[in-house]
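As structure tokens, the structure follows; a few thoughts come after it.
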Amino acid sequence: MRVAEAIELDVKTERALRTLSKGRRVEARVQQRARVILLAAQGWQNTEIAVEVRLDRRQVALWRRRFMERGVEALLHDAPRAGRTPSLTTALEAHIVRTTLHNPPAPDTPWSTRSLAAHLGVSATTIRRVWQRNGITPGA
């Protein structure tokens, strides 16, 4: 069995963790993370901590590692996530702008959001967003 690395806490850090673990206005997940570190500092192993705080042992190991790397601040925030893949590529946005500015539907007639959307096969909302981002006004 692998033994987790011991965590040594100074008085200030321990006080901060106790405050986080007991605070009434602290998010439950932050309280749970603080409890993980406090139990680890008492010498508990990851599997024991996982049972006590109702987490998976891998999550316990993750929060121990993050605490060792960045301290109490690491417990307060989740790691950034990738998020949704943008559905509008830069190439499509450039195509919308180019079509808007250089290929009018008829001479001296500007594109409307709906007509350009139908022409390019995208939604009118997409056209409006691209125009807003690029400072293009309909009819101008």
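The values are calculated or read from the model by the stated rules, or taken from the named source; none is laboratory data. The structure presented is a predicted model; accordingly, all values stated were derived computationally and were not measured. When we count neighbours, we look across all protein chains shown, and the Cβ atoms used for this are built from the backbone with ideal geometry, even at glycine. Protein only, heavy atoms only, side chains kept; ligands, DNA and RNA dropped before computing areas. Shrake-Rupley method; radii C 1.70, N 1.55, O 1.52, S 1.80 Å.
Taken per residue, the accessible surface of the chain reaches 72 Å², heavy atoms only and a 1.4 Å probe.
Given in Å, the Rg to one decimal and the Dmax to the nearest whole number for the Cα atoms of the chain are 26.9, 78. GNM on the chain, alpha-carbon springs under 10 angstrom: the most fluctuating residue among 113, 47, 13 is 113. Over the C-alpha trace of region 35-100, radius of gyration and Dmax come out as 20.9, 66 angstrom. Helix 11-22 axis versus longest C-alpha principal axis of the chain: approximately 70°, rounded to the nearest ten. Rounded to whole Å, give me the distance from the Cα center of region 69-131 to that of region 19-58. Using only Cα atoms to place each centre, the spacing works out to 42 Å. Seen against the Cα atoms of the chain and their longest principal axis, helix 57-70 is set at about 80 degrees.
Compactness of region 1-54 was expressed as the Cα radius of gyration divided by 2.2 N^0.38 Å, which yields 1.14. Please find, in a Gaussian network model of the chain (springs between Cα atoms separated by less than 10 Å), the residue of 43, 71, 121 whose mean-square fluctuation is greatest. The residue that fluctuates most here is 121.
Using a probe of 1.4 angstrom, how much of the accessible area of region 1-115 is carbon and sulfur, in percent? Could the numbers behind the result be given before it?
On the way: 4330 of 8540 Å².
Roughly 51 percent, rounded to a whole number.
Ranked by solvent-accessible area (1.4 Å probe, protein heavy atoms only, all chains present), the residues 108, 78, 10 order from largest to smallest as 108, 10, 78.
In the chain the longest region clear of trypsin sites (Lys or Arg not before Pro) that are loop-assigned by DSSP and have at most 12 other C-beta atoms within 10 Å covers 85-140.
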